[in-house]
Amino acid sequence: MKGFLILMVSAFVACNNAPEQNSGIMPETISDSGFTNKAEAKNITVNELKEGKWVEYYKFYPYSGLKVTTDTNAPLYYLTIYSSGKPSGLVRSYYKNGKIESISFYSNGQSNGVSKKFYENGTVAMETPTLNGKLNGTSKMYYKSGKIESESSYKDGQPNGMTKLYYENGKLKVEKNSINGIDVTSKYYDSTGHEIK
């Protein structure tokens, strides 16, 4: 019981000391096991597995999505610490201009915690909570203005609970309830907030 109380107090303190949602506060202020200087990357392998600090460049390809490339002028690059071929600690991606694009926390090679994506202006674009590599909790997306665009509840990687989409003026656009990935109810609204039937 004492251990549980210590854990709960620690979680409360961590949550209250976390950066405010969509405040534009850059995640570099968080102490972590990642790195921010791509010049530190060695890109070495041990027994054919990535090991240590790596910089990897990514480019978007039509029909196949985001893929690693050898082009150092690619629009994104990732800074990752690998342990036996698996990402470990805080993984950051950056836009070509050096501004942060995303942060994700990894343990045992899987994302754990709240990952964030940022617009180039520094505001939060998306927050996705994961547990053992699967979406768990409320995922949020934001307009470039910083206003909420959507919030969706997930459990074990599937929509579970309410999903709400909003117009940029703050009015509700879509509201649906899902159970284990299956939509059970849906409502749609116009930009003035009136339900469309």
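Read the figures in this text as sums done on the coordinates, not as results from a lab. Everything numeric here is computed off the predicted structure, so don't read it as measured data. Cβ atoms come from the backbone with ideal geometry, glycine included; neighbour counts cover every protein chain shown.
Cα to Cα, under 28 Å, and not fewer than 8 places away if on the same chain: which lysines meet these conditions relative to Lys42?
Excluding near neighbours in sequence, the set is Lys50, Lys53, Lys59, Lys67, Lys86, Lys96, Lys99, Lys116, Lys117.
Please label the shape of the range 149-197 as rounded, prolate or oblate, based on the square roots a ≥ b ≥ c of the eigenvalues of the alpha-carbon gyration tensor (a/c under 1.5 means rounded; beyond that, a/b larger than b/c means prolate, else oblate).
Details: a/c = 4.83, a/b = 1.81, b/c = 2.67.
It comes out oblate by the Cα gyration axes.
Quick one: which residues, 5 or more positions from Leu90 or on another chain, have an amide H under 5 Å from its amide H? H modelled 1.01 Å from N in the peptide plane, none for Pro or chain starts.
Residues meeting the amide H criterion: Ser33, Gly34, Tyr106.
Give the Rg (one decimal place) followed by the Dmax (whole number) of the range 103-197, computed from C-alpha coordinates and expressed in Å.
Computed over the Cα atoms of the range 103-197, radius of gyration and Dmax are 14.7, 47 Å.
Can you give me the long-range amide H partners of Glu149? Hydrogens built in the peptide plane at 1.01 Å from N, cutoff under 5 Å, separation of 5 or more residues or another chain.
Met141, Tyr142, Tyr143
Expressed as a whole number of Å, what is the distance separating the alpha-carbon centroids of the range 157-187 and the range 118-141?
17 Å
What do you get for trypsin sites (Lys or Arg not before Pro) in the range 50-97 restricted to DSSP loop and a cutoff of at most 16 other Cβ within 10 Å of the site's Cβ?
Lys96
Using r as the Cβ-Cβ distance of Glu120 and Met162, and R0 as 22 Å, what FRET efficiency do you calculate, to the nearest 0.05?
For Glu120 and Met162, the calculated efficiency is 0.10.
Can you work out the PRE-style zone for Lys42? Point 7 Å along Cα to Cβ, and I want the residues of the range 83-127 with backbone N under 12 Å.
The answer is none.
Fully extended, how many nm does the chain gain between Asn180 and Lys144 (0.36 nm per residue separation, minus their Cα-Cα distance)?
Values: separation 36, 0.36 × 36 = 12.96 nm, distance 3.07 nm.
So the chain would gain 9.9 nm between Asn180 and Lys144.
Through the Karplus equation 6.51 cos²θ - 1.76 cosθ + 1.60, θ set to phi - 60°, convert the phi angles of the range 93-108 into ³J(HN,Hα) values in whole Hz; use x for Gly and Pro.
Here the 3J(HN,Hα) series is 10, 10, 6, 3, 7, x, 7, 4, 10, 7, 9, 9, 9, 10, 9, 6 Hz.
If the reach is capped at under 18 angstrom between alpha carbons, list the lysines near Lys171, excluding any in the same chain fewer than eight residues apart.
Within the straight-line limit of under 18 Å, Lys171 reaches these lysines: Lys140, Lys144, Lys147, Lys187, Lys197.
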